[in-house]
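As structure tokens, the structure follows; a few thoughts come after it.
The values are calculated or read from the model by the stated rules, or taken from the named source; none is laboratory data. Computed from a predicted model, the values in this text were never measured in an experiment. Don't worry about glycine lacking a Cβ; one is built from the backbone with ideal geometry, like all the others, and counts go over all protein chains shown. SASA here: full protein model, heavy atoms, side chains in, ligands and nucleic acids out. Shrake-Rupley method; radii C 1.70, N 1.55, O 1.52, S 1.80 Å.
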Amino acid sequence: MSGANPPADGADRPPLLALDGVRKEFGGSPVLRSLTLDVAEHEVVVLIGASGSGKSTLLRCINLLEPISDGSIRLDGEHITDPRVDPDRVRRRIGMVFQSYNLFPHMTVVDNITLAPRRVHGRPRAEAEEQARELLARVGLSDKASEYPDRLSGGQQQRAAIVRALVNTPRLLLLDEVTSALDPELVGEVLTLVQSLRADGMTMLLATHEMGFARSVADRVCFLDGGRILEQGPPEQVLDAPEHPRTRRFLQRFAEGGRL
Amino acid sequence: MTAPLDDPRRHDSGGGPPVPGPAEEEYRPSPLQREREAYLRRQTVRSVLIAAASTAVVGVALAAAVLGSPGWERVRATFFDPDVALDALPEVAAGLWLNLRLLVFCALGALALGLLVAVLRTLRGPVFFPLRALATGYTYGFRGAPLIIVLYLMTFGVPGLRLEGTPSVLVLGGIALVVTYGAYIAEVFRAGIESVHPGQIAAARSLGLTYRQAMRHVVLPQAVRRVSPPLLNDMVALQKDVGLISLAGPIDAIRAAQIATAETYNFTPYIVAGVLFILMAVPLVAVTDRITVRAARRQSADGAR
């Protein structure tokens, strides 16, 4: 728990990820308005907020899956929203995990994981598979390597999807409501995996509706509302003593739903 | 399970007493279930009998109408003469070999062209506008154009230009079939490509795959699997339409039948050719049905994305 922003290791290094005045419109209506956010290396930042508050859009913009309408995004100091930058090269440094897993259904688990190493990084199949099997063993899926995704439970699919994102050894991992599609009893296995990634020092930016998860994994929690970061700080501050009435109302609804 | 009498599901059954067997391996169907199965069996037998009877009635009525018609004897002699059929068979069968070879080449050509055009139509960005417009215009035009007219244009019009190196009429006819079927197949492929969930492309691109790699390794394999039943159906239609090449002159099965008919003034050779075409279609139709069933099964098992 290095604590609040700015991170403890000082101001001599630029943040790993820096968003400055990011705006995103869909058909004229703004989803993100002048959003500014820094994520330091090894920091875990959790985005919370109602559906439609812009969490997923923000993650998709960082991964350049959506072009932004204004502002800039920097990764390792490089301006990645510059139109001259090759987006494929940027995405290789960012891992992304989706709410609906998005495993490739026509490939086995191990082929899903080795696709990018083989096709993007040109590594030989044997070497890529060895690495994939090591990672699968770490997440307890050794016996599922040769299965097709539809033979796996939701939790197993999501763990495989996380491994697929990790195999590129990304600088930054984006997790978009990775537990929202899971049955309650399967949520735990994915959360445990994310916590172990945190212990390894992986820099993560994640959107979630699991407040308990946000509390246990976050260095910093950001409350998004109407495309802006309304409030941010350490989890105990934002989740337990929110300053803004809208944050309070949002958390109140979760408390009533028994999910806090 | 240990107290079956308290099971609420038992109360509304009104059947015999529940079977008290405590262990699952000793399970025997209850009288209620046995009665239900017996009833369903009786129903099945009844349905089969009714279906058989109605089929027989319709069949007999049709046969009586045809065989009892005043002109049947003459029709039988001109269309179903076994001697003429036997005489014509070698020629027609030799012609069918041409149809078969033409089918293989046209099928491969049309699939390749269709896939190319479908992919061109999915390209975005202003750079690709000319290619996209060309592909779109092609699918609009050739799906509307009657095959016979395309065939005539290719086989009579193109040689009329008297260009050096004009290919044979057979090749030109094959090209007519390929461009006409390619337009339909392109639309089938495009439907398949668009049916792949956008999350699949997002996942592929987020791994660093380029658009082309995502298409090649993620989208197309899924699209082709999904549309293989309709594609095979188009192949069945194509195998029948390769017979239209006879209009341009090459001696295929239908042309051979026409020649035999002209010699004998008997239409039986056409029937021979028709039967041979059906026999040629049977394996393809069977494969199509099998793949369709398998695809349906896979689809229903495909719970998660």
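Things worth noting here:
- Test for B:ARG143: is it outside any helix (DSSP H, G or I) and either open to solvent by 70 Å² or more (accessible area, probe 1.4 Å) or at pLDDT 90 or above (or both): no
- If the condition is being touching a residue at least 12 places away in the same chain (Cβ under 8 Å) and not aliphatic (A, V, I, L, M), then segment B:208-225 contributes B:HIS217, B:GLN222, B:ARG225.
- Beta carbons closer than 9 Å, at least 6 apart along the sequence or on distinct chains, pair a first residue in segment A:71-84 that is more than 14 Å from A:ASP38 (Cα to Cα) with a second that is aliphatic (A, V, I, L, M) and assigned to a loop (DSSP other than H, G, I, E, B) for A:ILE80/A:LEU64; A:THR81/A:LEU64; A:THR81/A:ILE68.
- Checked against (1) touching a residue at least 60 places away in the same chain (Cβ under 8 Å); (2) closer than 19 Å to A:ILE62 by Cα; (3) surrounded by fewer than 18 Cβ atoms within 10 Å (Cβ to Cβ), A:THR169 passes all but a single condition, namely (1).
- Candidate set: segment A:59-68, residues that are within 8 Å of chain B (Cβ to nearest Cβ) and of a type outside the set (D, E, K, R); chosen: the one most open to solvent (accessible area, probe 1.4 Å): A:LEU65
- So B:GLY157, is it open to solvent by less than 40 Å² (accessible area, probe 1.4 Å), touching a residue at least 24 places away in the same chain (Cβ under 8 Å) and outside any loop (DSSP other than H, G, I, E, B): no
- Pairs, first within 19 Å of B:PRO198 (Cβ to Cβ) in segment A:87-100, second open to solvent by 60 Å² or more (accessible area, probe 1.4 Å), C-beta under 6 Å, six or more apart: A:SER100/B:ARG305
- Of everything listed in (1) within 30 Å of A:GLY95 (Cβ to Cβ); (2) over 28 Å from the mean Cα position of the chain (by Cα); (3) not hydroxyl-bearing (Ser, Thr, Tyr), the single unmet condition for B:ALA223 is (2).
- Residue in segment B:162-177 that is part of a helix (DSSP H, G or I) and polar (S, T, N, Q) present: no
- Inter-residue pairs, beta-carbon under 7 Å, first buried (at least 24 other Cβ atoms within 10 Å of the Cβ) and in segment A:213-225, second of a type in the set (Lys, Arg), 6+ apart: A:LEU224/A:LYS55
- Any hit, segment B:124-131, residues being open to solvent by 10 Å² or more (accessible area, probe 1.4 Å), in a helix (DSSP H, G or I) and either farther than 29 Å from B:GLN222 by Cα or touching a residue at least 60 places away in the same chain (Cβ under 8 Å) (or both): no
- Residue among A:ALA255, A:ALA241 that is over 23 Å from A:THR36 (Cα atoms) and either more than 18 Å from the chain's Cα centre (by Cα) or outside the structural domain of A:GLY52 (by TED's automatic domain parsing) (or both): A:ALA255
- B:ILE271 vs. criteria touching a residue at least 60 places away in the same chain (Cβ under 8 Å), open to solvent by less than 70 Å² (accessible area, probe 1.4 Å) and over 21 Å from B:LEU115 (Cβ atoms): yes
- Checked against the criterion of being at pLDDT below 90 and within 30 Å of A:ALA18 (Cα to Cα), segment A:154-177 contains one or more residues that satisfy it.
- Count - residues of segment A:98-111 that are out of contact with any Ser or Thr (no Cβ under 8 Å at 6 or more places or on another chain) and more than 9 Å from chain B (Cβ to nearest Cβ): 1
- Residue match in segment B:224-234 (condition: open to solvent by 20 Å² or more (accessible area, probe 1.4 Å), among the small types (Gly, Ala, Ser), within 14 Å of another protein chain (Cβ to nearest Cβ) and assigned to a helix (DSSP H, G or I)): yes
- Options A:PRO83, A:PRO87; residue that is over 23 Å from A:MET202 (Cα atoms) and either outside the structural domain of A:LEU182 (by TED's automatic domain parsing) or of a type outside the set (Val, Ile, Thr) (or both): A:PRO83
- Residue in segment A:69-82 that is at the interface with chain B (Cβ under 9 Å from one of its Cβ atoms) and either surrounded by 17 or more Cβ atoms within 10 Å (Cβ to Cβ) or outside any loop (DSSP other than H, G, I, E, B) (or both) present: no
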